[in-house]
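Below you'll find the structure, written out as structure tokens, and then a few comments.
The values are calculated or read from the model by the stated rules, or taken from the named source; none is laboratory data. Everything numeric here is computed off the predicted structure, so don't read it as measured data. A quick note on method: Cβ atoms are made from the backbone with ideal geometry, for glycine too, and the neighbour counts reach across all protein chains shown. All accessible areas refer to the heavy atoms of the entire protein, side chains included, with ligands and DNA or RNA removed. Shrake-Rupley method; radii C 1.70, N 1.55, O 1.52, S 1.80 Å.
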Amino acid sequence: MPIHEEGVVDIEQLFLGNDEGNRIDNNRLGLYIGYYEKLYSNYSSQAIDKQIFIWDWFFYFSLAISFVVASLISFGVVRYYTSQNKMFKWPIYVPLFITFTLLFTSVSLLTLDISSTLVSGDSSKADKSLVVFWYIIYFSLQILSWLVLPLFGSYPYTGEFTVIRKILMAIVENLVFYIILGVVAGVGVGILLIYIAIYNAIFPDSAVVISFNMLVSFAVCLSNIAGLILFTIFIGYGLVVIPRRFWHRSNIERTIKWNCYKAVHMREKLKKEEKALAEIIVTAFEIKKLVSSEHKLYWYVNEIISTCELCLEEIPFLRKCVQSFDIRDCSEYNQQTVDKFREKGSSDRLIPNSKKEKVCTRSTCVKIHRELQRAIRGYGARKFEWTQLQKETFYYQDVARSCTLPTNHPQFKRRVSSLFGSQRAALNGLTYYYYKYVHWFAYRIFALILIPVAFLIFWSEFTPAIFGVTEEVHITLFGGVFRELKKNRIAVQLLSLFSLAAICYLMLGGMLRIKLFYVFRMVPYHTDISSLYLAASLICRAIPSLCFNFLQMLDMGDDGIDFYEVVGTLDMDSLKIFGVIGNFIVNYFPLLIVVVSFLSFFKVVERVAFCFKVKTNVSFWFFETKKTEETRRQGILLLRKKRINKVKKLMKIASQNEMNKENENAEIYEAEESNTAYIQMEDKCSK
């Protein structure tokens, strides 16, 4: 074989041989082809290695950015819901911050997993560290949701006075939850064992072998089913309620009428919470009079009084309400609590004819402290909701008047004149144009955008299950778009991040709009610890199901997805031994999203509750009756009175400021005229 001095094959001699006219030798031609294939493979492998090196750096950089952004968002969420709650110190919020950081990081981690798989192919991995991160996040969320968060949610409201006793009491309070959980798991395992025994007796050739790993997989499966149920309810409700809410909020006058309807019920609930809090504070102060410094429970009573004083400092006007209360005006239960600190047979007892004259113990102080903490929690949330409803209604009244005045009116100004908004003239001018031309249009456009997003989700949920989509046939819209962009990793990652953010927004919006009586109330700036930890635990259980469902919407199997290596297909394949029922849960359960959306769209639950005369937040324009109309009229009168009182207070403050007295009085006069004009307009509309 002819070779140059540098060791390179002489291709021309190899191809032509010794004579130019000779034909090509087959052996020489094979060597020629093999040489070029080897040379090309060397260059291509170097290029691939260089590309993988670049993408590894991109992976770690994206992961670092995702973690930083998730931490900032988590801090903002915790701050948004707890900034005005000064009853507890910052260490109580650390588990919340960690939980939300892991949750937001898991969403961005899924985008990295999808983009790496689509770009590199189904059979390769972007990086083994991705599997490690999934293990850390998934099992951390499981531990947080089932163990840590329930304990921290109960910790602040146990009523105990020391850290150790608070932890022990939190464990005791959650024992009921763990017992119920254990019973459900035990029943599930028992049903599984009975079914397997029957199945093995009928089909001995395909007998199922019971093992410890199978039982563990089944337990994890039950946990993931709980998350799938939560995800189905939240996303199904959010797909309807969020677009509807934006559409309703686009009409300011409609919002004012709805606030007037809610005002009466909200005021009644606030008065009830205020009375309960005042009674427990009066009870605590009455007990303090009976307990001397030598009393065995003096330290506990002193701690209760410290909590009362802190509450009165945060809510100054509550002190007047407490002073107007007498212990004999309180409930019989509170009077009996005071009697426990008096001697048996004493003539000073408030209820002398009580059958059982109990004495005070440490547990009595714990109960009082627990009731005080929960009363403060309930009153704070109700008070903030009532204050915000007034501010919103009064400001929208001024906006409605400013935007509907004719141009030839003597008070016409191209700005919003209101004492309940910003006092900057330039900002009020921009606000005028926003509410005049932008607000209604932007809210309705956003609502209309969410509607096709909902239909895309419905379609992507239906197609794999209903039409029997196989690996060779792909008709999911999300999957088709992602496969077209599979060579562009950045585009895939950004598109998946946007899609997941939209789904998360709808899911969280649906969760936050659900009212679970007094157990779960998410109130900006004043959310109690129990509701925050309950929300975090619910999200922890729903996020893995969200990731699984999103991968199903993309029609991506378990080949190449690191998420599946950690959690499998949510370990639900073990349910398939149950036949039709197991296959339904595995393949068709997400279709219940459509059922939940249907019930939400037609307000089936609210209509049924209304028929049975159960109080709900049902909109009065769906059930326009004399009672609902009378409730709205009462709300108008109540808010009118509150507005007049607030304006008088502002006038009193303005009169004390001599420098701005004329300007303030002019704005107050304009606000009063706006209020009178709007109420007159309401009277005409109601008639």
(message) If you take every residue apart from Leu318 with its C-beta less than 13 Å away from the C-beta of Leu318, what net charge results, scoring Lys and Arg +1 and Asp and Glu -1?
(response) 0
(request) Note down the net charge around Val163, summing +1 for each Lys or Arg and -1 for each Asp or Glu among other residues with Cβ under 14 Å from its Cβ. (result) +1
(request) Go through Tyr135, Tyr155, Tyr533 and list them by solvent-accessible area, largest first, probe radius 1.4 Å. (result) Tyr135, Tyr155, Tyr533
(message) Sequence gap at least 6, Cα distance under 8 Å: using those rules, report the relative contact order of segment 171-315 to the nearest whole percent.
(response) 11 percent
(message) What whole-number distance in Å separates the alpha-carbon centres of segment 97-168 and segment 251-278?
(response) 38 Å
(message) Ignoring ligands, DNA and RNA, please state the percent of accessible area on segment 222-313 from carbon and sulfur, probe 1.4 Å.
(response) 53 percent
(request) Determine the per residue accessible area of segment 184-326 with all protein chains present and a 1.4 angstrom probe, expressed in square angstrom. (result) 51 Å²
(message) Take Ser292 and Leu310, extend 7 Å from each Cα along the Cα→Cβ direction, and tell me the distance between the two endpoints in nm.
(response) 3.0 nm
